[in-house]
Each structure stands twice: as C-alpha cells, then as structure tokens.
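Inspection log for the structure reproduced underneath, given as structure tokens.
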Amino acid sequence: MNRPVAILLGPHREAWSGVSTHLNLLFGSRLADEFSLVHFQVGSEGRTEGACARLLRLLVSPFCLALTILTRRAAMVHLNTSLNAGAYWRDLAYLVVARLCGVRVLYQVHGGALPQQFFARSRVLTAFLRRTLQMPDAIVVLAQAELKAYRQFVPRQQVLACPNGIDCADYAKFVRVRSATAAPLKLVYLGRLVREKGLYDALQGLKLAHARGASAQIVVVGSGPEEARLRRFAQELGLAADVCFVKPAFGESKIKLLSDADVLILASYSEGLPYALLEAMAAGTPAITTCVGGIPDVVTDGVHGLLVPPRDPEAIARAIGTLDADRDLLARMSAACRSRIAGRYSLERLAAELRRLYAAMCGSPRH
C-alpha cells in the first residue's frame, strides 16, 4: 500500500534545537508507519555557511521545496515555524510555494510572539499577517494561551492545540537517587545559549541565593552565541566554581545529565512548549521556570516545580532557596513530574493526534 507523502520542514535533524527534537520524535513514532515522512531542511541551524552561501540558499530553497513536492508527489507539507521575524519571513516563502503546488499545508507554530503582538505597531503588517495565517489548511499551536490568541486573530481558520510529547520509556530506565540534604542543590540548564533563555537572570539568582546561605551549583548544557559572555559573567559574579559549562548532550548522555540533576532551571522570556522541560520532568527533575508559553499548561506551581516571572533574579533566588531547604518537597515534586508527563505528554499521544490530523487533511479536498 502506498502511503501518503508528508514533507516536514525544519532544521537539520542533528541540530541543537527543540524543533529538531520534535522532528526526530515524529520520524521515530507510529506516524511514520502510516505516512511516508520526508525531511526538508530549512534555517541556519546545523549548517556552516558564509553570508553569500546563506543568501543563495534562501533564494534557491523555495524552488527546491517545489521540486521535492512534485517529484515525491507529496500530499501535504508540515511547516514547523515560530512567530519571530526571521522564521516568519523565511517560512512565508515555503508556505506560498506549497500552496502554489496544490498540496495541503499544516502550519505548526513553536512559540514566538502572539499574533496580536507580532506587528502591533503597524496596522498594515497586522492585516498582512492575518491574511497569511489564513493560507494554511490548519494551524497547530502548543499552548492553551496560544490557542485562544490565534482563534481570536483568525476566527475562520482551523486552529488546534497539540502539545509536544516525548518517549517516556527512555527516561524511566534511570532510577533517581533522593537528593541528600547536606549536598549542594544540583541545577541544570539544557538548551541554546542565547539571551532570551534568561541565563543571565539565572546566574544572578544563583548569586543572590548563595548570599542568603543556599548551597547550589549549576551545569549549563548547550552551545550558542552567548557562551563566552556567560562564562565571563559567571566569573565576574564569583561563581566560577559553581557553574560548569558542558557541550550539547544527546541520547543517554542527555538523559543521565537530567536524571542526575535535582532541578531544571529555565528562565526563558518566551517559549512554545520546550522539550527540555518535558524531558527533565520525565526524568523526575522538577523545574524552576518562567510562566510563559505552554509552560503553565504543564507545570503546576508547587507541584511540579516553582514558577517565577521572567527577568526576575530575586524570584529565582527565592525558588533556589526553597528547594535547597526542603528536599522532601523536591522528592514529592519529582514523582509528580514523572506522573504528569507519562499521563499527558507521551509520544504516543502526540503521534495519534497528528495521525488523525494528517489523515483528515490528506483525505479531504483543499478549501
């Protein structure tokens, strides 16, 4: 039986990226049993190229997508994007090409601004955004707040919430050891080293927590443009002995890093639904995290971790102090985290929801 072909757009599958994680999970899920999934790489992540090569790629890539659609006889395109300036304008070209080729388009938004805020200073650009968001056959978002915002912004568009999911079995194999009261609280950050992830706030919060008597250390796992500046900042704060920078980790190495940690720290200014959070919780690692994007849908404050406002080192310091002082609370949160992810954020649930959506799109005529 010939399976319908779905082309999934996103970064290199080996890139250090949440969308790359998303793609890899889908290619390894039951979704691939019913649909022939084809990866089409977009974006700079996972590439080494100069400015001229990047410009040439941006010009040629939409035509390459058209060729892929036609030669593979694709039934649909699954465009994974974010509502930020770089991704929106880049992926608009792919959206237009897919529609011109006559295939169905699923437009999945992995965070960024809400549509009402994106072009808030320009009525013309806001109207243009509304028109372009009517072009896909369906829009998928990750969070309930996004679902409400997109349905208000494009009320005639089909907008669905489909939170991310992970393979919980990989994380269940690692047995957690209860954190000893006398040991420093072990914090971990996992992701891109960019300013928007709130790492400077996290380090300032750690410094404040130390000043109040808390004992804590942090392992920063990842890479990115802020790495050198973050290293210098940690030294300037006198935290060099308590902050360890580690290159990106994958597979069992990543799971072990999460399983060995007491707390994930994720002080992002904006998010969709970060895979680092789901992975940490599946490993039984509660979070100190900001209440942005889809995070409040997953983390109940005081149950699965502690929610803090963005850009608030003081709140981060209080949260570190609370968990350092109460290891019983930390153990209860750990068990609650694993139960939460297994119950509502599994890969099986994600694949089943997308399988139904793919089938509906491939089986019905384009509007």
Restricted to region 173-185 and to residues being among the basic types (Lys, Arg) and touching a helix residue (DSSP H, G or I) at 6+ places or on another chain (Cβ under 7 Å), the residue nearest to residue 316 (Cα to Cα) is 178
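Results for (1) in contact with a Leu (Cβ under 8 Å, 6 or more places away or on another chain); (2) crowded, with 21+ Cβ neighbours inside 10 Å; (3) more than 19 Å from residue 273 (Cα to Cα); (4) not small (Gly, Ala, Ser), shown as yes or no for each residue.
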| position | (1), (2), (3), (4) |
| --- | --- |
| 75 | no, no, yes, no |
| 79 | yes, yes, no, yes |
| 83 | yes, yes, no, yes |
| 99 | no, no, yes, yes |
| 104 | no, yes, yes, yes |
| 136 | yes, yes, yes, yes |
| 145 | yes, no, no, no |
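Filter region 214-261 down to residues that are within 19 Å of residue 203 (Cβ to Cβ) and among the basic types (Lys, Arg) and give me whichever is farthest from the chain's Cα centre (by Cα).
Our first condition is that a residue be within 19 Å of residue 203 (Cβ to Cβ); within region 214-261, this holds for 214-247, 257, 261.
From what is left, the residues that are among the basic types (Lys, Arg) are 229, 231-232, 247.
Numbers: 229: 23, 231: 24, 232: 27, 247: 19 Å.
If we take residues in region 214-261 being within 19 Å of residue 203 (Cβ to Cβ) and among the basic types (Lys, Arg), then 232 is farthest from the chain's Cα centre (by Cα).
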The lone condition residue 326 fails out of (1) farther than 24 Å from residue 25 by Cβ; (2) buried (at least 17 other Cβ atoms within 10 Å of the Cβ) is (2)
Quick check on region 82-89. Is at least one of its residues closer than 30 Å to residue 295 by Cα, hydroxyl-bearing (Ser, Thr, Tyr) and touching a His at 6+ places or on another chain (Cβ under 7 Å)?
yes
Residue pairs within 7 Å by beta carbon, gap of at least six or interchain, first lying in region 5-19 and among the hydroxyl-bearing types (Ser, Thr, Tyr), second buried (at least 20 other Cβ atoms within 10 Å of the Cβ), listed first then second, are 17/11
The residue that is surrounded by the fewest Cβ atoms within 10 Å (Cβ to Cβ), considering only those in region 16-30 that are among the hydrophobic types (A, V, I, L, M, F, W, C) and within 14 Å of residue 275 (Cβ to Cβ), is 25
Residue 38 passes all but one of the listed conditions (1) part of a strand (DSSP E or B); (2) in contact with a helix residue (DSSP H, G or I) (Cβ under 7 Å, 6 or more places away or on another chain); (3) under 23 Å from residue 141 (Cβ atoms); (4) not basic (Lys, Arg); the exception is number (3)
If we keep only residues of region 261-294 that are surrounded by fewer than 24 Cβ atoms within 10 Å (Cβ to Cβ) and of a type in the set (A, V, I, L, M, F, W, C), then the residue nearest to residue 326 (Cα to Cα) is 291
With criteria (1) surrounded by fewer than 15 Cβ atoms within 10 Å (Cβ to Cβ); (2) under 24 Å from the mean Cα position of the chain (by Cα), residue 51 comes up short on (2)
(1) within 21 Å of residue 79 (Cα to Cα); (2) surrounded by 16 or more Cβ atoms within 10 Å (Cβ to Cβ); (3) among the hydrophobic types (A, V, I, L, M, F, W, C) all hold for residue 128 apart from (2)
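We did not get these values from a lab; they are worked out from the coordinates using the rules stated. Worth saying up front: this structure is predicted, and the values here are computed from it rather than measured. Cβ sites come from the backbone with ideal geometry, for glycine too, and all protein chains shown count toward neighbours.
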